[in-house]
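What follows is a set of notes on a single structure, which appears directly below.
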């Protein structure tokens with residue numbers, strides 16, 4: 001029956017109906033043919049048997065009537081009128097008899113029948129003749145002649161009557177035969193039709209059952225499977241096994257459900273991956289936020305150091321100014337009342353005196369030199385003069401000695417002067433060095449201030465970076481949050497389906513929540529850190545006058561900074577804001 | 001300081017010693033006319049480089065020779081302590097620029113040694129010999145060789 005099951009719906013239904021139709025046609029045919037046969041029989045019954053009977057009855061009634069009329073005529077032989085009427089009636093009867101025989105000839109078609117009717121016809125003229133003889137006698141009012149004629153008529157009449165009976169009996173038996181035939185045919189036909197009907201019924205029932213089952217069972221399975229799928233069970237599958245439309249539908253359903261199932265599996269995987277990614281994002285955001293926090297802490301430290309440096313630089317500049325004032329001779333209030341002579345002025349005086357003395361000494365030196373020259377000249381002259389010049393040579397040599405002595409003394413004094421000049425120079429050099437150093441200090445203070453400004457700038461840049469970092473971290477954590485939400489939403493959606501690797505859907509949902517919280521948490525941390533660094537920077541920039549509170553503040557800030565790492569508890573905002581209120 | 005007693009010893013000679021770049025040189029005393037401090041020198045064009053120019057000595061114009069240049073010693077700036085030795089050679093009188101004069105020495109003839117080879121410093125034509133002056137050697141210069149006409153031109157560099 002498998003080939004039947006594998007037929008498509010249309011051929012199957014059509015073939016089943018076709019079979020039933022054929023059966024119906026068959027039954028109809030049977031019925032109609034039986035009916036038509038019956039009809040034929042009835043027709044024959046009517047046409048032949050009944051009409052034959054009627055025709056024979058006509059003959060019979062005519063015979064009887066004419067016999068009667070003969071007698072009447074005989075009885076009323078004297079009544080001419082009634083005799084005439086009776087004679088007309090008798091002739092009419094013969095007319096009717098002839099009509100009857102004609103009719104009977106139409107209806108008696110068997111050999112026997114035909115013979116009988118032919119006999120009748122043969123008999124008729126003799127009969128008629130004898131009846132005419134009677135009529136003549138009657139008309140002649142010959143009663144005894146009439147009676148003899150009637151007696152002569154009797155065998156002919158009897159013959160006719162025998163024929164008539166024969167014919168009637170023939171027709172009767174024919175009719176009965178046909179009746180019996182009909183009955184038998186009716187029985188047969190009835191049995192056939194009933195049988196065929198029963199067969200049709202049975203076949204119809206079977207076919208309808210089979211077809212109905214053939215559709216309803218797979219459809220029912222399909223419905224059950226679809227209901228399962230609608231309920232979320234994507235592992236359902238349909239095994240119908242046939243290759244008809246329902247079977248193909250089942251296959252299509254199976255493949256659709258498989259696709260859906262695999263898609264959902266992939267979605268589950270994607271959701272898991274997404275939640276993993278969002279966890280990573282959150283971790284990265286953690287890292288950035290903690291980095292920003294560290295940065296902010298470093299910024300705090302740096303700004304504390306900067307404040308100290310600024311204070312030191314300021315003090316240095318002040319001291320340098322004081323020293324410079326001292327060196328250049330302008331007096332401050334505190335210094336007035338001291339000896340009132342500045343180093344530079346004193347040194348200048350010494351230099352002037354020394355210069356004068358040097359002048360004098362150099363002129364003494366020159367004098368000594370010239371004297372020496374003269375003495376040498378004298379020695380030369382003395383040498384050239386020979387003996388005479390001996391005393392001169394002695395004098396010259398004495399003069400030379402004196403000149404050399406004075407030269408030596410001048411040299412000594414020069415040396416001393418130079419010494420003291422050197423010392424003065426050194427002193428003024430020192431003062432100059434001091435001035436130089438002071439100006440260098442002032443310069444470097446300026447540079448330091450510039451450097452501090454640059455550091456401030458850098459720090460504000462860093463703060464901006466930290467701010468943008470924290471903004472980015474916020475965005476990152478927001479993104480991670482939304483990603484996690486989406487992933488968990490996805491997992492929720494998918495978890496309503498029953499998939500073949502159950503249990504994974506639920507897991508990721510729970511894992512995301514702590515990370516969402518952490519990500520948001522760290523972003524708010526980063527925000528706080530950046531706001532802290534910002535307020536610190538403002539404090540650094542506005543630090544135009546170095547205040548001793550700086551150091552105290554620095555330490556307080558250090559305490560605040562030590563407090564910030566304890567940002568695990570939700571009470572953190574309170575602590576941070578309290579510390580930063582100082583600024 | 002040495003006290004000088006001019007002994008008229010026939011076997012001695014008297015030198016005037018002067019300094020040039022820390023080296024003592026000696027000139028025979030009879031050739032020396034005068035010793036002067038620094039006087040302005042007028043440069044003369046077209047003369048050899050060791051002739052600094054001319055000077056006016058009480059009306060007489062004499063050429064001034066820069067011995068440093070002559071001896072190819074590095075040049076120095078001359079100030080008022082620079083000494084000009086006026087020397088005569090035959091009929092020529094020349095002024096010699098020296099760093100300083102030291103002394104008038106009497107040196108025994110046997111104390112004058114032959115000049116060793118100095119190398120590049122001094123052309124040995126100008127050197128008569130060397131003698132002891134205090135604790136150093138002084139070079140006795142030959143003024144004639146120093147002041148020949150052709151020698152007023154720059155001498156070739158001694159090897």
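None of the figures in this text is laboratory data; all of them are computed from the coordinates on show. This structure is a prediction, so every number in the text was calculated from the model and none was measured. Neighbour counts run over all protein chains shown; Cβ positions are idealised from the backbone, glycine included.
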Note down the relative contact order for region A:49-169 as a percent, whole number, built from C-alpha pairs under 8 angstrom at least six residues apart.
32
Can you give me the distance in nm between label points at residue B:75 and residue A:181, each placed 7 Å from the Cα along the Cα-to-Cβ direction?
18.2
Would you mind pulling out the separation of the Cα centroids of region B:66-105 and region A:201-217, in Å?
157
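Taking 8 Å as the Cα distance limit and 6 or more residues as the minimum spacing, I'd like the relative contact order of region A:202-321 as a percentage.
RCO, region A:202-321: 15 percent.
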Between residue A:121 and residue A:213, what's the calculated FRET efficiency when r is the beta-carbon distance and R0 is 56 Å? Round to 0.05.
0.15
As an exercise, use a Förster radius of 25 Å and the Cβ-Cβ distance of residue A:496 and residue A:6 to find the FRET efficiency, rounded to the nearest 0.05.
0.10
How many angstrom separate the Cα center of region A:373-405 from the Cα center of region B:20-54?
22
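Could you list A:4, A:497 so that the one with the fewest beta carbons within 10 Å of its beta carbon is first and the one with the most is last?
By the 10 Å Cβ count, ascending, the order reads A:4, A:497.
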Which FRET efficiency value, to the nearest 0.05, is calculated for residue A:413 and residue A:316 with the Förster distance at 45 angstrom and r the Cβ-Cβ distance?
0.50
Could you tell me the distance between the Cα centroids of region A:276-293 and region A:51-102, to the nearest Å?
140
For the pair residue A:36/residue A:450, report the inter-label distance in nm, with labels modelled 7 Å from Cα in the Cβ direction.
13.3
Could you give the length gained on full extension between residue A:398 and residue A:287, defined as 0.36 nm per residue of separation minus the Cα-Cα distance, in nm?
29.9 nm
How do A:500, A:34 line up, fewest other C-beta atoms within 10 Å first?
A:500, A:34
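Please report A:181, A:307 as a ranked list, fewest other C-beta atoms within 10 angstrom at the top and most at the bottom.
On the way: A:181 15, A:307 23.
Exposure proxy ranking, most exposed first: A:181, A:307.
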Once you average over the residues of A:370-382, how many Cβ atoms of partner chains fall within 10 Å of each Cβ?
6
Length-normalised contact order of region A:346-491 in % [C-alpha pairs under 8 Å, at least 6 apart]:
25
